[in-house]
Amino acid sequence: MRYGPPLPYEARALVLARLGPRAGDLVWDIGSGCGSVAVECVRLGAAVVAVEQTAGGVERIRGHAAAQGAEVRVVHGAAPTVLSHLSDPDGVFVGGGGRDLRAIVAAAARRARRAVVVAPSALEEVAPVRAALAACGFAVDGVLLQSQRLLPLPDGSSSLAPSAPVLLVWGTR
């Protein structure tokens with residue numbers, strides 16, 4: 001998978017709203033990056049399995065989760081192959097993109113009980129993601145999220161600084 005920058009907190013808030021993690025749920029965080037979505041899901045009471053294909057990424061997730069006091073199970077391996085060994089999730093977050101994205105989303109959607117949220121790294125990936133979710137019976141929606149953060153100026157006034165846009169596509173049952 002191809003990874004972009006970590007999700008800004010505004011985008012993570014929408015991801016969490018669409019996933020709806022709660023006590024007793026199991027969430028998969030595929031292409032977990034630094035594990036920020038995984039940690040937030042744990043804070044909301046869900047059990048989380050973070051899937052990461054690089055050894056460095058696995059250590060980054062473990063370090064971030066430990067620093068936040070969050071118990072995250074980290075699986076080292078490439079999706080969709082490693083997903084067959086996991087228990088069925090209530091929700092799935094897929095971060096990143098690449099040539100296997102449609103197969104990863106399809107594998108996750110076949111097993112997710114409630115929701116799948118995807119942060120594709122390119123606009124061209126939206127149609128295949130939507131098709132994979134719809135083929136598994138999900139109602140599909142999405143958004144291009146762009147926020148503007150306050151930027152303090154030397155004179156005490158404020159301006160706005162745009163953050164990088166984030167594509168999110170989700171499916172719900």
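No lab work stands behind these numbers, since they all come straight from the coordinates. Just so you know, these numbers come straight off a predicted model, no measurement behind them. Virtual Cβ from ideal backbone geometry, glycine too; neighbours counted across all protein chains shown.
Let me know the charge dipole size of the stretch 59-152 about its Cα centre in debye, to the nearest 20, where only the beta-carbon of Lys, Arg (+1) and Asp, Glu (-1) is charged.
It comes to approximately 60 debye.
Please state the charge dipole magnitude for the chain, taken about the Cα centre, from unit charges on C-beta atoms (+1 on K and R, -1 on D and E), reported in debye and rounded to the nearest 20.
Computed charge dipole of the chain: roughly 340 debye.
Need one number: nm distance between label points at residue 111 and residue 150, each 7 Å from Cα along Cα→Cβ, rounded to one decimal.
With each label point 7 Å from Cα toward Cβ, the separation is 4.4 nm.
Once you have the Cα-Cα distance between residue 88 and residue 131, take 0.36 nm times their residue separation minus that, and quote the gain in nm to one decimal.
In short, 13.4 nm is gained.
Hey, how many Å between the Cα centroid of the stretch 91-134 and the Cα centroid of the stretch 26-88?
Using only Cα atoms to place each centre, the spacing works out to 17 Å.
Please give me the summed charge of the neighbours of residue 163: other residues whose Cβ is under 11 Å from its Cβ, Lys and Arg +1, Asp and Glu -1.
Charge balance in the 11 Å sphere: 0.
Please give me the summed charge of the neighbours of residue 12: other residues whose Cβ is under 14 Å from its Cβ, Lys and Arg +1, Asp and Glu -1.
Overall, the nearby charge balance is -1.
Taking 45 Å as R0, compute the FRET efficiency from the Cβ-Cβ separation of residue 99 and residue 159 and round it to 0.05. Write down the numbers at each step before the final one.
Details: r = 40 Å, r/R0 = 0.89.
Plugging the Cβ-Cβ distance into 1/(1 + (r/R0)^6) gives 0.65.
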